[in-house]
1. Does the stretch 20-28 include one or more residues that are within 14 Å of V85 (Cβ to Cβ), modelled with pLDDT of 50 or more and not in a loop (DSSP other than H, G, I, E, B)?
2. Kindly list the number of the only condition in (1) surrounded by 18 or more Cβ atoms within 10 Å (Cβ to Cβ); (2) not in a helix (DSSP H, G or I) that fails for K241.
3. Could you check, for the stretch 436-449, whether at least one of its residues is out of contact with any strand residue (DSSP E or B) (no Cβ under 8 Å at 6 or more places or on another chain), open to solvent by less than 60 Å² (accessible area, probe 1.4 Å), under 20 Å from F224 (Cβ atoms) and at pLDDT 95 or above?
4. Kindly provide the set of residues from the stretch 74-84 that are open to solvent by less than 30 Å² (accessible area, probe 1.4 Å) and either of a type in the set (G, A, S) or within 17 Å of C48 (Cβ to Cβ) (or both), ordered by number.
5. Which numbered condition trips up R327, out of (1) closer than 28 Å to V401 by Cα; (2) among the charged types (D, E, K, R); (3) open to solvent by 80 Å² or more (accessible area, probe 1.4 Å)?
6. Within the set of pairs 6+ apart or on separate chains, which have a first residue in the stretch 330-354 that is farther than 23 Å from G411 by Cα and among the basic types (K, R), a second that is in a helix (DSSP H, G or I) and at pLDDT 85 or above, and C-beta atoms under 9 Å apart?
7. Right, Q180: in contact (Cβ under 8 Å) with a residue 40 or more places away in the chain, open to solvent by 40 Å² or more (accessible area, probe 1.4 Å) and either under 30 Å from L46 (Cα atoms) or basic (K, R) (or both) or not?
8. How many residues, within the stretch 330-357, are loosely packed, with under 13 Cβ neighbours inside 10 Å and part of a helix (DSSP H, G or I)?
Amino acid sequence: MSRGDMAKPLLGHRSTEGDPSPTPPAGRTVGVLGSGDFARSLAIRLVCSGFKVVVGSRNPKRKASLFPAAAEVTFQAEAVKKADVIFVAVFREHYSTLCDLADVLAGKILVDVSNNTEINHHKESNAEYLASLFPACTVVKGFNVVSAWTLQSGARDGNKQVLICSNNQEAKRAVAEIAQVMGFTPVDMGCMSSACEIENIPLRLLPAWKIPIFLALGLFLCFFTYNLIRQVIHPYIREQKNKFYKIPIEVVNTTLPCVSYVMLSLVYLPGVLAACSQLYYGTKYRRFPDWLDQWLQHRKQIGLLSFFCAALHAVYSLCLPMRRSHRYLLIETAVKQAVEKKMTIWVEEEVWRMEIYISVGIIALGLLSLLAITSLPSIANSLNWREFSFIQSSLGFIALVISTLHTLTYGWSRAFDENQYKFYLPPTYTLTLLVPCTVIIAKVIFSLPCIQHRLLRIRRGWEKGRYVKFVLPSATGEFSSGETSSNV
């Protein structure tokens, strides 16, 4: 194989109908109705992809300077006559202004790229409404999930998918070929009834992140309140010391690792619960409860939020010596040491504890960074399933164990110091250990050969109570068949 062949992709683009590659544009003319930002970006991308573009506008002389020189800007009626595929880049409320072009548009393919301002704002989708206004045309919904920025910069960043739906297969194929030539990946979403769902997609704000974000905020508020009582309220009431200056940085910095640590354990806890369910019922075909199913689906988002909190904790920790209060405390300590004529305050145990604590924390943050990076689609798609599973499962569990060591090193012997129980409340880190230690113990139990073998059999299709056929030799040496339960 030549050096030039090595640079070529092994798998080329394929159209929605299974053709080896899309038909090159070869000067094919595509129409665009509209002169807004999206229409201008669409015209630029079509021109760069080799298409001849004709733009229809109500004021072509005024709008011509906004479009590339290679695009022809003319009146709407003239533009419609010159193209068979026309992108309708106007808002829904302006569809009626195109009714005068109904005769000229007859037989054309109209690509509706519009979106609404609210989810399910209208009873019918914009594409269905456009089809009702122009029954002699074939309407295709598409390109509404692609931003104007993506069109101008090309399909290099972000999601390259273009969702397409229509009741006409040939029309979908024609639009899909245009999308492929433009560098996008067309996805057939079925008939026109899917247009409403496609139009709702750009309006959803992080739909998969709502539950994890609320979970992280809830944990943050709980731990922040707990730390506030221990670090600020307690000395203010018991010792009349004003330590409210700790709230912006020190209390927040104590809260962030708690949230990160618990969130990381919540990534692996649903897997433990799912394994317990499978072992209890002896089958993998029984559906999990809805709450557990939702939990399993949100593990990626929970893990990324855990990494986010851990990264913030690292930045806050690096900024601790920069505080003015920290400098004052250092000076006070130095003055007290001079007054008491102490030559050194070196404590070997504390030195080793802090060295180990920071080292283990850096390793844990590094592993969390690896987990976060490999969860990105561009990285995950370059890994096979075994590699992805090893990083997310095995290394993720190691990250949880190292985070536990980081927490235990931080606590050291403080759990046995009665002065640490302020208002009879235990140190915060002892509370954070509950869920992670439960997960670690459960993982260790599941790794026992007897349990691991049974769980593996269940996940390979074995069911408790299911009857299977077997063959036994008879007294005469012949073989006879029978049945027995698979759990015997």
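The values are calculated or read from the model by the stated rules, or taken from the named source; none is laboratory data. Model, not experiment: these values are computed from the prediction. Here the Cβ is made from the backbone with ideal geometry for all residues, glycine too, and neighbour counts use every protein chain on show. For accessibility, only protein heavy atoms count, side chains too; no ligands or nucleic acids. Shrake-Rupley method; radii C 1.70, N 1.55, O 1.52, S 1.80 Å.
1. The answer is no; no qualifying residue exists.
2. (1)
3. Yes, the stretch 436-449 contains at least one residue that is out of contact with any strand residue (DSSP E or B) (no Cβ under 8 Å at 6 or more places or on another chain), open to solvent by less than 60 Å² (accessible area, probe 1.4 Å), under 20 Å from F224 (Cβ atoms) and at pLDDT 95 or above.
4. Selection gives A79, A83.
5. (1)
6. K342/K336
7. Numbers: in contact (Cβ under 8 Å) with a residue 40 or more places away in the chain: yes; open to solvent by 40 Å² or more (accessible area, probe 1.4 Å): no; either under 30 Å from L46 (Cα atoms) or basic (K, R) (or both): yes.
No.
8. Qualifying residue count for the region: 15.
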